[in-house]
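Undergrad: Attaching a single structure in structure tokens format; questions to follow.
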Amino acid sequence: MQAVQLSTLADAPAGVAAALDTVRGFDAALVNGLARVSEPQHAALTALAGAVAGSPLAEPVSSAVAKVSAGAIGTDELSALAAARAALLGAVHDALVEQADAALGRSRFEWTAEAVAGTPNPLAAGSRAWLGELAIAGWRGVDHDLVSAADRTVEALLGEPALRRLAVLLDGFTAELSACAPVATMDRVPARRWADLWARALLLSWRGAESAATESVSGRLLPLGVDVHEHGTAVQVQVHGVLETTDAPARLVRVSVAAAKVDTIVGPAVWQLLGAHRQLLTALAEHRALELTDMPVTVTGDLLWDDDRAKASAEADPFVTATVQLPQARAAAVAPLDRDPVHIAVPVFFEGYRIREGALESGDQRIALDLDALPAAGPLTAAGVNGSSLLIGLLRWDANGWSVRPLAVQRKVKTVLTALHNGDWALGPTDPKVAKAQAKSGDAVAVLRERAGRLLRK
């Protein structure tokens with residue numbers, strides 16, 4: 001069994017609560033906007049400047065607070081505030097990852113890549129201007145006119161491959177704001193989430209062309225589990241696994257593949273959008289290893305997936321991988337911009353536990369289960385998790401502390417041990433009832449493709 005010292009995860013590391021309080025104050029300042037900074041807003045901005053006073057951000061953030069409080073709000077000032085917020089969350093991330101590594105007995109690579117200064121793409125200037133308008137209006141000031149003002153900017157960004165990360169983020173962000181507009185009528189504003197998206201978009205807009213250091217690897221990829229991230233306009237499948245090569249120790253890696261979608265494509269149908277990655281989907285559905293040949297991998301442990309460089313091979317039980325290889329696999333370094341608690345996702349394995357009241361208990365220790373995030377694209381359900389005896393999941397963290405997001409479980413179904421994985425339906429539903437319901441409702445992906453083809457022919 002992989003030893004997970006849950007007792008060491010019970011309390012947050014020193015300084016985390018204070019840093020998050022500062023971030024929470026800044027996020028609250030964005031709710032009503034910065035057009036006229038009130039006393040509480042000024043206090044929150046001042047606290048943010050004080051939190052980074054001993055860092056290289058001290059002078060630009062202090063200057064930004066003074067100008068914003070005086071009503072001189074520009075994209076440079078807002079970017080400095082976003083950078084300070086990211087720096088605080090980065091410090092929280094590092095403390096939490098160190099705590100998790102200690103609890104799991106894991107090691108990880110250090111970040112050694114040097115920052116490469118790039119020239120920001122001029123197209124990104126439009127996004128900064130719109131994000132500035134958002135900050136001035138505040139979330140309570142968001143209406144359909146303000147959201148629609150970003151339409152042309154998002155369209156231009158989507159046409160520029162070098163800005164794809166920023167484009168997809170803004171596309172989803174604007175869609176979410178539009179669905180909530182006018183925000184003034186909302187009882188509760190998701191201040192932390194929207195501030196996360198706003199700050200990340202602002203910082204991404206200043207980046208030059210992506211130039212992550214990569215190497216080519218050949219070896220065997222043993223999938224552990226898959227996390228499905230679904231939005232109304234996009235779906236991303238993120239596979240966590242162990243990479244074995246002949247010239248290096250085993251290490252943890254990720255594979256992320258994504259596709260644009262519409263909100264009518266949901267559940268098992270989302271896998272059809274990823275059909276170009278046939279080898280990957282086969283490995284997930286049939287629990288097989290993947291033989292990789294000269295596959296690019298970044299210093300952050302992300303395999304830049306090329307299905308032509310992979311071949312699904314022999315069966316590889318993820319629970320065996322989790323038992324044998326996972327404890328020794330070395331985790332990748334985390335890129336500076338990704339050092340945010342929301343991005344923490346550490347593969348873990350549990351056995352010999354019980355589940356009670358939404359938490360996994362081992363002895364007198366317990367940790368919350370994130371069952372709300374289970375995707376409709378696979379057979380794994382809350383009931384399946386509750387009756388399980390083995391569990392592979394992702395250790396995650398939010399304001400309520402540590403939790404585990406299940407990726408796969410093993411449980412008894414009519415006295416037979418059965419494995420349930422999020423990726424089991426990668427080649428189509430294996431549950432006859434689900435397959436029948438999908439056939440009855442029609443193939444939404446096929447219909448949309450046929451209509452698109454008809455429009456293009458015209």
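Undergrad: If you check ASP308, ASP302, which single one turns out to be acidic (Asp, Glu) and under 17 Å from LEU394 (Cβ atoms)?
TA: Just one listed residue meets the conditions, ASP302.
Undergrad: Filtering region 297-316 down to residues that are hydroxyl-bearing (Ser, Thr, Tyr) and over 15 Å from ARG220 (Cα atoms), which residue is surrounded by the most Cβ atoms within 10 Å (Cβ to Cβ)?
TA: Among them, the one singled out is THR298.
Undergrad: Further, regarding this structure: Looking only at region 346-391, count how many residues are of a type in the set (Val, Ile, Thr) and under 18 Å from the mean Cα position of the chain (by Cα).
TA: Qualifying residue count, region 346-391: 2.
Yes or no, residue by residue, for (1) in the same structural domain as THR22 (by TED's automatic domain parsing); (2) modelled with pLDDT under 95; (3) exposed (fewer than 13 other Cβ atoms within 10 Å of the Cβ); (4) not aliphatic (A, V, I, L, M):
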residue	(1), (2), (3), (4)
LEU380	no, no, no, no
LEU394	no, no, no, no
ASP398	no, yes, no, yes
VAL404	no, no, no, no
THR415	no, yes, yes, yes
ASP431	no, yes, no, yes
LYS440	no, yes, yes, yes
ALA452	no, yes, yes, no
ARG457	no, yes, yes, yes
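Undergrad: Let me ask another. Select from region 393-409 the residues that are closer than 27 Å to ASP196 by Cβ and either free of Cβ contacts under 8 Å to residues at least 40 places away in the same chain or not small (Gly, Ala, Ser) (or both) and list them in ascending order.
TA: Passing the criteria: LEU394, LEU395, ARG396, TRP397, ASP398, ASN400, TRP402, SER403, VAL404, ARG405, PRO406, LEU407.
Undergrad: Residues of region 329-346 being crowded, with 16+ Cβ neighbours inside 10 Å, of a type in the set (A, V, I, L, M, F, W, C) and not in a loop (DSSP other than H, G, I, E, B), which ones?
TA: Passing the criteria: ALA331, VAL346.
Undergrad: May I pose another question? Scan region 51-82 for residues that are free of Cβ contacts under 8 Å to residues at least 24 places away in the same chain and more than 15 Å from LEU34 (Cα to Cα) and jot them down.
TA: The answer is ALA53, GLY54, PRO56, ALA58, GLU59, PRO60, VAL61, SER62, SER63.
Undergrad: How many residues, within region 119-163, are under 20 Å from GLU77 (Cα atoms) and either of a type in the set (Asp, Glu) or touching a strand residue (DSSP E or B) at 6+ places or on another chain (Cβ under 8 Å) (or both)?
TA: 1
Undergrad: Next up: Could you check region 150-179 and list, in sequence order, the residues that are under 21 Å from the mean Cα position of the chain (by Cα), surrounded by fewer than 18 Cβ atoms within 10 Å (Cβ to Cβ) and more than 18 Å from GLU230 (Cα to Cα)?
TA: LEU158, PRO161, ALA162
Undergrad: For the condition surrounded by 20 or more Cβ atoms within 10 Å (Cβ to Cβ) and touching a Ser or Thr at 6+ places or on another chain (Cβ under 8 Å), what is the one hit in ALA29, ALA49?
TA: One residue alone meets the criteria, ALA49.
Undergrad: Shifting gears a bit: Go through (1) β-branched (Val, Ile, Thr); (2) in the same structural domain as LEU222 (by TED's automatic domain parsing); (3) at pLDDT below 95; (4) in contact with a helix residue (DSSP H, G or I) (Cβ under 8 Å, 6 or more places away or on another chain) one by one and return the number of the condition VAL334 breaks.
TA: (2)
Undergrad: Residues GLU351, GLU357: which one is surrounded by fewer than 16 Cβ atoms within 10 Å (Cβ to Cβ), in contact with a strand residue (DSSP E or B) (Cβ under 8 Å, 6 or more places away or on another chain) and farther than 30 Å from ALA84 by Cα?
TA: The conditions single out GLU351.
Undergrad: Can we say ALA84 is crowded, with 16+ Cβ neighbours inside 10 Å, small (Gly, Ala, Ser) and in contact with a Ser or Thr (Cβ under 9 Å, 6 or more places away or on another chain)?
TA: yes
Undergrad: Now for a different question. Provide a single number: the residues in region 151-163 that are farther than 13 Å from SER205 by Cβ and in a helix (DSSP H, G or I).
TA: Matching residues across region 151-163 total 5.
Undergrad: Still on this structure, please answer the following. Among the residues of region 2-22, what is the count of those that are farther than 25 Å from ALA191 by Cα, surrounded by fewer than 16 Cβ atoms within 10 Å (Cβ to Cβ) and more than 24 Å from the chain's Cα centre (by Cα)?
TA: Selection size over region 2-22: 4.
Undergrad: Also, quick follow-up: Restricting attention to region 101-150, which residues are within 30 Å of LEU326 (Cβ to Cβ) and assigned to a loop (DSSP other than H, G, I, E, B)?
TA: GLY105, ARG106, SER107, PHE109, GLU110, TRP111, THR112, ALA113
Undergrad: Scan region 375-390 for residues that are of a type in the set (A, V, I, L, M), over 11 Å from ARG354 (Cα atoms) and free of Cβ contacts under 8 Å to residues at least 60 places away in the same chain and jot them down.
TA: LEU380, ALA382, ALA383
Undergrad: To continue, here is another question. Looking at region 204-227, which of its residues are out of contact with any Lys or Arg (no Cβ under 7 Å at 6 or more places or on another chain), modelled with pLDDT under 95, among the hydrophobic types (A, V, I, L, M, F, W, C) and under 26 Å from LEU252 (Cβ atoms)?
TA: The answer is ALA212, ALA213.
Undergrad: Taking region 137-147, which residues are in contact (Cβ under 8 Å) with a residue 12 or more places away in the chain and surrounded by fewer than 19 Cβ atoms within 10 Å (Cβ to Cβ)?
TA: Passing the criteria: ALA137, ARG140, GLY141, ASP143, HIS144.
Undergrad: I need the strands (runs of 3 or more DSSP E) fully contained in region 347-421, keeping only those with at least 1 residues that are more than 30 Å from LEU20 (Cα to Cα).
TA: Those strands (runs of 3 or more DSSP E) span 354-356, 388-398, 401-413, 416-421.
The values are calculated or read from the model by the stated rules, or taken from the named source; none is laboratory data. Being a predicted model, the structure only gives us computed values, none of them experimental. Cβ atoms come from the backbone with ideal geometry, glycine included; neighbour counts cover every protein chain shown.
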